[in-house]
Ligand code: ZN
């Protein structure tokens, strides 16, 4: 990298806007689980959209690639630089405006999700995106990866929550698309170019986001299901009976056992249950919702869709139910060699996926341990295959197992990445599993917007 580029960045951004010392850079160069690490001589920290544009123009002039980073919570390595200029949006963290009468707000890319939720709540509104990293994940990253989380069932993915986007294009021009309209049929929906694009077509600098009424009634239930087929029946029963299902999360037996084993003070509210299901409901009428949930769960117990069910009696207990689910991802890290997946299939085919994948894993690796959990209501499982207990991690056939999981998901008309994105981790699989026409169309867009390939050149799209 040219020293004169760093000098030019400094002159445009001032001393606060350029970091070159190792200590300050270090936390930005490793992913939080330690799976990806990288390097760069410089991190640019622009404070305004105009400064972002200046950074991009300077880099374009030097043909210097850029890796953009939000809260550094990504799971597929797309935010970690390998010699590129690291562009951090964290100084652009303002909520620019809240328009409660339009049920919208405008947040800058570096605004942390929890701050946006808070700003919405202060105007008696809800911003419904909710995920484990909400205390650090930023709006720009959540848009660039089209984040999911636990309320997709009711409110959709990040894509569904974005009304407008402001972004700096790869040549430094600014796309000003922040209009907060529900209806705007004036041609291509250009903001969509930047949602889920993983920073490859430009840098998101701000967004208009959709707000919702705050639900007045709220219930959380925990149920035991005999198997995935019954869990799916339970999902539909609860949807039809209450019209209020906001989240439907499942945890297989082993995922709960490992929480109890590896997380201090965790306990299993339903020991022995083959599958635990956490269901969240949102409605308008507290008394009516409670009655509907109670009677629907009674019916489910009667027909055997559930073996056991508990409804949280207060906010503390609801929090405990959620805590169990939220502890699952962190509870199996120490269990030796493993390979993780974030697949989706049509909701109707979730039992077929689990049955097929579990059987195939066992055939390829007898004794393999499976942690399957996540957003069954969206057709999305986080599916981890782990080495048999006590076996040699060096002989664990991770690549073969992983290929099989993806084959099974795709054969069921599913996806190899439901909500984490492609980044650098899934690029090879993308080439294998996405159809040729879609890949060609993606490449056409990339060439049109970023012919010099300076924007996140290692993520998502291979040259
Ligand atoms: Zn998830």
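FYI, it's all coordinate maths here, none of it is from the lab. In this text, all values refer to a predicted model and were calculated from it rather than measured experimentally. Heads up, the Cβs are rebuilt from the backbone with ideal geometry, glycines too, and the neighbour counts pull from every protein chain shown.
Some observations on this one:
- Residues of region 27-57 satisfying the condition of being part of a helix (DSSP H, G or I) and surrounded by fewer than 22 Cβ atoms within 10 Å (Cβ to Cβ): 27, 28, 49, 50, 51, 53, 54, 57
- Residues of region 391-428 that are closer than 19 Å to residue 200 by Cβ, more than 16 Å from the ligand (Cβ to nearest atom) and either in contact (Cβ under 8 Å) with a residue 24 or more places away in the chain or crowded, with 20+ Cβ neighbours inside 10 Å (or both): 424, 427.
- In region 216-233, the residue that is surrounded by the fewest Cβ atoms within 10 Å (Cβ to Cβ) out of those that are more than 9 Å from residue 277 (Cα to Cα) and in contact with a helix residue (DSSP H, G or I) (Cβ under 7 Å, 6 or more places away or on another chain) is 216.
- Residue within region 113-125 that is within 16 Å of the ligand (Cβ to nearest atom) and in a helix (DSSP H, G or I) present: yes
- Of all residues in region 241-256, those satisfying the criterion of being in contact with a helix residue (DSSP H, G or I) (Cβ under 9 Å, 6 or more places away or on another chain) and part of a helix (DSSP H, G or I) are 241, 242, 255, 256.
- Residue within region 399-422 that is in contact with a strand residue (DSSP E or B) (Cβ under 9 Å, 6 or more places away or on another chain) and over 30 Å from residue 225 (Cβ atoms) present: yes
- Against the conditions (1) surrounded by 19 or more Cβ atoms within 10 Å (Cβ to Cβ); (2) assigned to a helix (DSSP H, G or I); (3) under 22 Å from the mean Cα position of the chain (by Cα); (4) away from the ligand (no atom under 16 Å from the Cβ), residue 446 satisfies every one except (3).
- Entirely in region 283-376, the strands (runs of 3 or more DSSP E) that have 2 or more residues that are within 16 Å of the ligand (Cβ to nearest atom) and within 23 Å of residue 429 (Cβ to Cβ): 338-344, 369-375
- Of the numbered criteria (1) surrounded by fewer than 21 Cβ atoms within 10 Å (Cβ to Cβ); (2) touching a strand residue (DSSP E or B) at 6+ places or on another chain (Cβ under 9 Å), the one residue 324 fails is (1).
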